[in-house]
Each structure stands twice: as structure tokens, then as C-alpha cells.
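Below is one structure, written out as C-alpha cells, with a few remarks after it.
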Amino acid sequence: MKIGFIGLGNMGAPMALNLLKAGHELKVFDLNGRAVQLLVDAGAKGAASPRALASDVELVITMLPAAAHVRGVLTGSEGVFSGIGDGVTIVDSSTIDPASVREFAALATEHKCVLVDAPVSGGTGGASAGTLTFMVGGSEEAYARVKPVLSTMGRNIVHCGDTGTGQVAKICNNLVLGITMAGVAEAMALGDALGIDAKVLGGIMNTSTGRSWSSDTYNPFPGVIDTAPSSRGYTGGFGTDLMLKDLGLATEAAKSAKQPVFMGALAQQLYQAMSSRGDGKLDFSAVIRLYQQGEIA
């Protein structure tokens, strides 16, 4: 298939590489020239703009930090909509608010194409291994069209419902993730302060009722899980500022639904404290440093 891919960050680059490995013909665009060159070296073609990328492709995938970036890439003077052909499907795998997705989908319809939301879960490891979970919002027809392509980048491709429901699933999932990471960090820091070996505590948690992805795969205490960002200085993972953004999406969506999110609001403040002190680019599991340095009473 002829595919255009926009957004070659920590998640987007390995996803695009998996498309190449599956034999797809790929055009790529990113503001980071080095990221584009990495894909070109692997066999992709670089595009000068989103508009140039969108011409002569059957599918466009976007993987961007926020709704503002998606809007710019789609609607700018050199955006996707200015160059896309009739009937082309756009898959937005960014994590943004459901209302923006529905707006972009309506604009896509005006340009005689289709946009579905398909945010992902599984982290950078899942992106590299091709084991991501895709949460897809859109019609049954659009889902059937994109599923084979998404299956080359992920293991679980789930149709969540109409446009926007993929984002609903994603922000709810990341609400849980942000809360559980803070909880595991609190417990691991307490155990360390009380004198138990962190690996022993982590092992007990991971075979007991305290087990979660935040403890058994992404444990925030250095050395407990060798492959976790905590064991490499909290680098190369899911940035604190991105988690803060996702929790903001959850709390804003909760306001619109008049739904309380007590724990989510507290977790949001923890990651806000990290970001405010300059740790926004560290993996979000670095939240444990707040506890280790005694900054929380």
C-alpha cells in the first residue's frame, strides 16, 4: 500500500519502520530532518511538506504530540487537506481530545476523505516490537479498511465505536496509567525508606495484589526492571509532559461530562510539579523522585 506517515518521534519512527518491514511503500514527513533521514535510509521517501506527502497515497497516518499539531498538519496552507485525493483515509494515532477528532473528521468529509482516530498504547517498546494496542474510532467500513495496516504495527486492533471513541478509550486508559504509576512510586519509595530491598519488594508486588503494568513492566525504582526507563536514567520512554497533557485531556473531558476524577486530578498535580521543576522531558515514572527527595509531605 502507498502510505504517508507524519510524526517520527519516539513512537512514530518505530511504527513507520514496521510499515516498511511489512512491505508498504512509505512517504514520511517530520520537522526533524534527522528523523526523516533515518526512515529514508531504511527505504522510505522524504516529503517536503504534509501536502506533498498526501498526494499519490492511499492512506495517511499522523502521530503528533497535541491537537494543535494535528490541526496545523491537516489544515495549514501546505497541509494534508490541500493535497489529499478523494477517498483517501487518514488515521490519526495522536492522543488528543475527542471533540477535536470529531471536528477533524468533519473537515475530512468536506475534503471527500475519511478520518478515523486510532491512538495507541504499549509504549516505545511496543512500537518497536509491533505489539501496540490500537483503539479505533470510526465506521465499521473505515475500521475494516485500516485494520490490516494497523496490524503490521500492533497486536490488538480494537474497534471502540464511532469517531472519537478511540480517544475516549485512550484518555481513560492513561488516566489509570498515571494514577497507578504514582501509586507504585509511592509504595516503592516507602519500602526503600523502611529498609526493604527494592527488587524484593518489586518481586512481591508483581506476584501479589499490587501488581500492575506500572510495577511489573515499568517499575519506577531503578534496577527493579532492567528494561524500564528507570534503569536508564528515565530516558527514552513516555515523557512527563506527555502524561501531563493526557491527564489534562482526561480532566477536561470529565468537566464536560460532569464526571468526578478525584485521583486523576491529584495525579495531574504530581506530574505538574515534576514539569514545573524542569523534569518534563524525563519519563513519567520519574515521579518517584518527588517522594525520594521528600518534596511531598
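The range 1-68 and the range 111-149 have Cα centres separated by 15 Å. Per residue, the convex hull spanned by the alpha carbons of the chain comes to 133 Å³.
Protection proxy ranking for 234-242, 116-124, using the average of other Cβ atoms within 10 Å per residue and placing the highest first: 116-124, 234-242. From its DSSP helices (H runs of at least four residues, each -39,500 (n - 2.57)), the chain gives a residue-normalised ellipticity at 222 nm of -14500 deg cm²/dmol.
Using the Cβ atoms and a cut-off under 14 Å, what net charge is assigned to the surroundings of Leu247, where Lys and Arg are +1 and Asp and Glu are -1? Display every interim value, and only then the final one.
Values: positive: Lys170, Lys245, Lys255; negative: Asp97, Asp241, Asp246, Glu252.
Neighbour charge sum, excluding Leu247 itself: -1.
The relative contact order of the chain comes to 13 percent, based on Cα pairs under 8 Å that sit 6 or more residues apart.
Taking each of Lys170/Lys258; Lys45/Lys245; Lys21/Lys147; Lys2/Lys281; Lys27/Lys147; Lys245/Lys281 in turn, the alpha-carbon distance tops 23 angstrom for Lys45/Lys245; Lys2/Lys281. The residues Arg277, Arg289, when put in order of fewest to most other Cβ atoms within 10 Å, stand as Arg277, Arg289.
Computed over the chain with a Gaussian network model linking Cα atoms closer than 10 Å, the most mobile of Leu175, Leu201, Leu19 is Leu201. The largest-to-smallest principal axis extents of the Cα set in the range 175-262 are 44, 28, 21 Å.
Find the relative contact order for the range 2-162 and round it to a whole percent, using C-alpha pairs within less than 8 Å whose residues are 6+ positions apart.
Numbers: 334 pairs, mean separation 31.0, N = 161.
Over the range 2-162, the number comes to 19 percent.
Between Val91, Val200, Val184, where does the largest GNM mean-square fluctuation fall for the chain, given springs only between Cα atoms within less than 10 Å? Sorting by GNM fluctuation, first place goes to Val200. The range 160-206 and the range 216-276 have Cα centres spaced 9 Å apart.
Working from the Cα coordinates of the range 1-129, the gyration tensor eigenvalues give, after taking √(5λ), semi-axes of 21, 17, 13 Å in decreasing order.
Take the Cβ atoms of Glu103 and Ile196, set R0 to 51 Å, and the FRET efficiency comes out at 0.50. Under a Gaussian network description of the chain, with springs only between Cα atoms under 10 Å, the residue in Ile196, Ile179, Ile90 that fluctuates furthest is Ile196.
Values in this text are rule-based calculations from the coordinates and carry no lab data. Since the model is a prediction, treat every value here as computed from it, not as a measurement. In this analysis, Cβ positions are derived from the backbone assuming ideal geometry, glycine residues included, and neighbour counts consider all displayed protein chains.
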